[in-house]
Each structure stands twice: as C-alpha cells, then as structure tokens.
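Enquirer: Right, I'll just put the structure down here and ask away after.
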Amino acid sequence: MVFIEKKYILTLNREKCIGTGVCKATAAKRWKMKEDEKITLVDLSAKKTETTETLEFDESELQEYLDAAEACPVNAIKIEEKESGKELI
Ligand code: SF4
C-alpha cells in the first residue's frame, strides 16, 4: 500500500462565499453548490462547520485547489502548507 502524505490544508470560509461558482468551474468534481447558494467541498474527508470547511490533501490535488483559490473573487479559499503553516494563497 502506498501512503501519500497530505501536505496541504485548504480552508473554505463559507461566510465570505458569494456563490459565484467560479471555483467549481475550475474543477467541477471537487466542489458542489448547496441549497444556500454557497459552495461546499465534495471530498468526504473535509471537516465542516456552519461557517468553515477544512480539508487536508496531497500534492496531486494542489494545482486544482490553487486554481480555485486564485479564481475566487472574495478570497474565500485559503491554502497553506501543513508542516510550515506557510500560506500559499
Ligand atoms: S469562487 Fe469563491 S465566492 Fe465563488 S463559489 Fe467559490 S468560494 Fe464561493
């Protein structure tokens, strides 16, 4: 079994989200629009509260999540390195 280290943490601030769907357009399989017209993460390992969703993920998913974070007009998506805490966006 190959263990792939989850080196990154994504934080979605749902209070900031204005439901443009731009992040979903970057990678439709990773995002879903909810009834409240705010986005949610599809990955079942995401931890979710009413206002925030967090997800640990690996290198193979980095570019798609970076694209989404860069495209978000209200900076509702943050990505950081897990070990160093360095913010990538
Ligand atoms: S791009 Fe930003 S504002 Fe638009 S749905 Fe995604 S998180 Fe919400």
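The values are calculated or read from the model by the stated rules, or taken from the named source; none is laboratory data. Only a predicted model underlies this, so the values are computations on that prediction, with no experimental measurement involved. Glycine also receives a Cβ, built like all others from the backbone with ideal geometry; neighbour counts cover every protein chain displayed.
Enquirer: How many residues, within the range 38-54, are within 15 Å of Cys72 (Cβ to Cβ) and not basic (Lys, Arg)?
Expert: Quick first cut of the range 38-54, residues within 15 Å of Cys72 (Cβ to Cβ) only: 38-41, 52-53.
Then drop every residue that is not not basic (Lys, Arg), which leaves 39-41, 52-53.
Of the residues in the range 38-54, 5 are within 15 Å of Cys72 (Cβ to Cβ) and not basic (Lys, Arg).
Enquirer: Right, something else. From (1) outside any strand (DSSP E or B); (2) under 14 Å from Lys7 (Cβ atoms), pick out the condition that doesn't hold for Lys29.
Expert: (2)
Enquirer: Please specify each residue of the range 17-58 satisfying the condition of being out of contact with any strand residue (DSSP E or B) (no Cβ under 9 Å at 6 or more places or on another chain), under 26 Å from Ser84 (Cα atoms) and touching a residue at least 40 places away in the same chain (Cβ under 8 Å).
Expert: Selection gives nothing.
Enquirer: Which one is farthest from the ligand (Cβ to nearest atom), of the residues in the range 1-32 that are charged (D, E, K, R) and at pLDDT below 95?
Expert: Within the range 1-32, the match that is farthest from the ligand (Cβ to nearest atom) is Glu5.
Enquirer: Could you tell me whether Asp67 is modelled with pLDDT of 95 or more, surrounded by 14 or more Cβ atoms within 10 Å (Cβ to Cβ) and in a loop (DSSP other than H, G, I, E, B)?
Expert: So Asp67 does not fit the description; no.
Enquirer: While we're here: Kindly indicate which of Lys38, Lys48, Lys78 is at pLDDT 95 or above, among the basic types (Lys, Arg) and exposed (fewer than 15 other Cβ atoms within 10 Å of the Cβ).
Expert: The unique qualifying residue is Lys48.
Enquirer: Of everything in the range 36-60 that's away from the ligand (no atom under 14 Å from the Cβ) and not in a strand (DSSP E or B), which residue is nearest to Lys24 (Cα to Cα)?
Expert: Checked the range 36-60; the qualifying residue nearest to Lys24 (Cα to Cα) is Asp43.
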